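The values are calculated or read from the model by the stated rules, or taken from the named source; none is laboratory data. Computed from a predicted structure; not experimentally measured. Neighbour counts are summed over all protein chains in view; Cβ atoms, including those assigned to glycine, are modelled from backbone coordinates with ideal geometry. Each accessible area value is taken on the protein alone, full model and side chains, heavy atoms only, with ligands, DNA and RNA left out. Shrake-Rupley method; radii C 1.70, N 1.55, O 1.52, S 1.80 Å.
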Amino acid sequence: MKQRFDAIVVGAGPAGCTCGYSLAKAGLETLIVERGKFAGAKNMWGGAFYGPTLFQLFPRFWEEAPIERYIHRHRFSLLTQDSSLSAEFTTKKFGEPPYNGFSVLRAKFDHWFASKAEQAGAIIATGLQAEDLLWDRNTVAGIKAGGDELPASVVIACDGVNSDLTDKAGLRGKLLPRDIKQGVKEVIQIPRHLLEQRFNLSGEEGIAWEFIGSFTRGIPGGAFIYTNKESLSVGIVAQLSALCEKKIGANDLLENFKQHPSVAALLAGGNLVEYSAHLIPTSGKAMIPTLYSDGFLVAGDAASFVLATGLTLEGANFAIASGTAAAEAVIRAKQKRDFSRKSLSCYPELLKQSFVLKDLKTFKKASLFLENSRIYSQYPELACDLANKIFTNDGKPKKKIWKLLKNSMKDRVAFSEILRDLIQIKRAL
Amino acid sequence: MSSASIEDKLANNKYDIDKEVHVSIREDICKKCDEHYCLYACPADCFKLTEDHITFSYEGCLECGSCKIVCDKDAIDWTLPRAGFGICYQYG
């Protein structure tokens, strides 16, 4: 007789590995199915990851996980065609365990994460695709994979933003371009000593640097540079619908960004080793699918658990926390020997108790606010223009800053618009 | 760094290209489409407009799903490559 699993987890990303790890640790017969040749082969992210959820699973994880650097400094820059205005934050604590954030590359990291689930007793099947769900009347009873039927009491879909299984379970509608941001990224190798010199880093210190400005041509989105050990993760995030409307590809925006004088100097002499792309569901609460049905749960990006607030774009923590909550719901169901919809209904309750649904509720108006194109063009231009007027010494009599500001605002943005945007910030963020 | 074309960029990636095509387009529908959103949505330049028709090559596909989401004519039959095939990120 074929082995019947307690749980099949589809996808070995942060959500799936967490869920599989927690289930196996609790003694459940768990199978994790991953379509890539190895866990991480199909996965990419920007590259900065903030640690508290992983810390709860694996205290001192940074000592064993393949971390590139710890994020010691955050820098934020507004760019125009040829100028930049930056702010930086660092604090001593960011440089001490348990650290605040890390730069991470997925191919290695997910591989490590999956090995933790395996050590806990989960079976990992890589190079295996969940092609369909197995049904017992209206209950999900396993998956079809590699031409085989694999029965299980419950299936947890952690198969990412394009979650085929969530669609097949009939739990979500079509994804809309407006709700999606496209991320494209280059990994650029730079000799370690040169990288540390350019970014003023020593030892394992790293920087997370985010940019908004004219390079996205008014398209909601931004750019990032994260420092790895001997490479940079350089990328763009841009709203998919706006790319189509403006008839421009994200790679063109990335090239715009890379050619900015302040950026080009950082990348000079670098060697491109990988070009990747991925979608991010950024409309938050409004796009969350139905999270469970009989014998079925959805977690991570598949459930659109991503928090976008403009300054942060956070998915991995939500994936890990939702993987934990899904595992807890399944463990409870196993104790009751009842995997029905009713029995699994504790899943959203567990998510509401954690930051996952709390944060998405708090910031439910953020995505609409972040469509405001003034954020990406007029405000960066205004700020750089004002800084230019303040710092340029042209030998002429100086004007008061207030006058300069009024002058910079002219033809760009009206007081009434700034006031309206401030009110929106209060409401949304 | 000098600006590289998408084709040059993709040449750095590791793929295990399947003989089986995983994404196909309905050329009859694409012919009548004015928007061609796929051209701008695809980060791997898999869609090309030549004269009056769209062509698609699947080899460089990064499996992101953008084309399927932006096509409002349902002209794209989108699936993932068979397990073990397609893009194989070494960094991610």
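Just for the range A:172-195: of the residues that are closer than 26 Å to A:Met287 by Cα, in a loop (DSSP other than H, G, I, E, B) and within 11 Å of chain B (Cβ to nearest Cβ), which one is least open to solvent (accessible area, probe 1.4 Å)?
A:Leu175
Name the single residue that is farthest from A:Leu272 (Cα to Cα) among those in the range B:23-39 being within 11 Å of chain A (Cβ to nearest Cβ), touching a Phe, Trp or Tyr at 6+ places or on another chain (Cβ under 9 Å) and open to solvent by 20 Å² or more (accessible area, probe 1.4 Å). Break it down stepwise before answering.
Of the residues in the range B:23-39, the ones within 11 Å of chain A (Cβ to nearest Cβ) are B:35-39.
From what is left, the residues that are touching a Phe, Trp or Tyr at 6+ places or on another chain (Cβ under 9 Å) are B:36, B:38-39.
Now restrict to residues that are open to solvent by 20 Å² or more (accessible area, probe 1.4 Å): B:36, B:39.
Values: B:His36: 29, B:Leu39: 24 Å.
Restricting to residues being within 11 Å of chain A (Cβ to nearest Cβ), touching a Phe, Trp or Tyr at 6+ places or on another chain (Cβ under 9 Å) and open to solvent by 20 Å² or more (accessible area, probe 1.4 Å), the top hit is B:His36.
If you take the residues in the range A:263-300 that are assigned to a loop (DSSP other than H, G, I, E, B) and open to solvent by 30 Å² or more (accessible area, probe 1.4 Å), which one is farthest from A:Leu194 (Cα to Cα)?
Initial filter on the range A:263-300 (assigned to a loop (DSSP other than H, G, I, E, B)): A:268-270, A:282-283, A:288-291, A:294-295, A:299.
Retained after the next criterion (residues that are open to solvent by 30 Å² or more (accessible area, probe 1.4 Å)): A:268-269, A:288, A:290, A:294.
Values: A:Ala268: 10, A:Gly269: 10, A:Ile288: 44, A:Thr290: 49, A:Asp294: 55 Å.
Looking at residues that are assigned to a loop (DSSP other than H, G, I, E, B) and open to solvent by 30 Å² or more (accessible area, probe 1.4 Å), I get A:Asp294.
Check A:Phe61, A:Phe49 and return the single one that is assigned by TED's automatic domain parsing to the domain that holds A:Trp112, without any contact (Cβ under 8 Å) to a residue 60 or more places away in the chain and open to solvent by less than 10 Å² (accessible area, probe 1.4 Å).
A:Phe61
Quick one: in the range A:364-388, which of the residues that are assigned to a loop (DSSP other than H, G, I, E, B) and of a type outside the set (Ser, Thr, Tyr) is farthest from A:Trp402 (Cα to Cα)?
Taking the candidates together, the pick is A:Lys364.
Within the range A:87-116, take every residue that is closer than 16 Å to A:Leu201 by Cβ and of a type in the set (Gly, Ala, Ser) and give me the one that is most open to solvent (accessible area, probe 1.4 Å).
The residue in question is A:Gly95.
Please go through the range A:223-242 and pick out each residue that is surrounded by fewer than 24 Cβ atoms within 10 Å (Cβ to Cβ) and among the aromatic types (Phe, Trp, Tyr).
Correct list: A:Phe224 only.
Run down A:Ala208, A:Ala157, A:Ala169 and say which single residue is aliphatic (A, V, I, L, M), touching a residue at least 60 places away in the same chain (Cβ under 8 Å), open to solvent by less than 10 Å² (accessible area, probe 1.4 Å) and out of contact with any helix residue (DSSP H, G or I) (no Cβ under 8 Å at 6 or more places or on another chain). Break it down into steps so the answer makes sense when it comes.
Details: A:Ala157 fails: out of contact with any helix residue (DSSP H, G or I) (no Cβ under 8 Å at 6 or more places or on another chain); A:Ala169 fails: open to solvent by less than 10 Å² (accessible area, probe 1.4 Å).
Among A:Ala208, A:Ala157, A:Ala169, only A:Ala208 is aliphatic (A, V, I, L, M), touching a residue at least 60 places away in the same chain (Cβ under 8 Å), open to solvent by less than 10 Å² (accessible area, probe 1.4 Å) and out of contact with any helix residue (DSSP H, G or I) (no Cβ under 8 Å at 6 or more places or on another chain).
Within the range A:21-42, how many residues are closer than 24 Å to B:Phe85 by Cα, of a type outside the set (D, E, K, R) and crowded, with 24+ Cβ neighbours inside 10 Å? Even if it seems obvious, please write down each step before you answer.
Taking the range A:21-42 and keeping what is closer than 24 Å to B:Phe85 by Cα, we get A:31-42.
Right, trim to of a type outside the set (D, E, K, R) and you get A:31-33, A:36, A:38-41.
Filter once more, keeping what is crowded, with 24+ Cβ neighbours inside 10 Å: A:31-33, A:36, A:39-41.
Adding up the residues that qualify gives 7.
Within the range B:73-92, how many residues turn out to be open to solvent by 40 Å² or more (accessible area, probe 1.4 Å) and under 10 Å from B:Asp18 (Cβ atoms)?
Here the count works out to 2.
Could you tell me which of the residues B:Cys42, B:Cys71 is under 26 Å from A:Asn256 (Cβ atoms) and either more than 12 Å from the chain's Cα centre (by Cα) or away from chain A (no Cβ under 11 Å) (or both)?
Working: B:Cys42 fails: either more than 12 Å from the chain's Cα centre (by Cα) or away from chain A (no Cβ under 11 Å) (or both).
None of the others qualify; the one that does is B:Cys71.
Is at least one residue of the range A:78-100 in the same structural domain as A:Val9 (by TED's automatic domain parsing), more than 22 Å from A:Glu274 (Cα to Cα) and polar (S, T, N, Q)? Write out each step before concluding.
Taking the range A:78-100 first, the residues in the same structural domain as A:Val9 (by TED's automatic domain parsing) are none.
Scanning the range A:78-100 turns up no residue that is in the same structural domain as A:Val9 (by TED's automatic domain parsing), more than 22 Å from A:Glu274 (Cα to Cα) and polar (S, T, N, Q).
Residues in the range A:98-143 that are assigned to a strand (DSSP E or B), within 14 Å of another protein chain (Cβ to nearest Cβ), touching a Gly at 6+ places or on another chain (Cβ under 8 Å) and aliphatic (A, V, I, L, M): how many?
Here the count works out to 1.
Among the residues of the range B:40-62, which ones are in a loop (DSSP other than H, G, I, E, B) and either among the β-branched types (Val, Ile, Thr) or surrounded by fewer than 20 Cβ atoms within 10 Å (Cβ to Cβ) (or both)? Quick ask: steps written out before the conclusion?
Let us first name the residues in the range B:40-62 that are in a loop (DSSP other than H, G, I, E, B), namely B:42-46, B:51-52, B:57-62.
B:Asp45, B:Glu51, B:Asp52, B:Ser57, B:Tyr58, B:Glu59 - these are the residues of the range B:40-62 that are in a loop (DSSP other than H, G, I, E, B) and either among the β-branched types (Val, Ile, Thr) or surrounded by fewer than 20 Cβ atoms within 10 Å (Cβ to Cβ) (or both).
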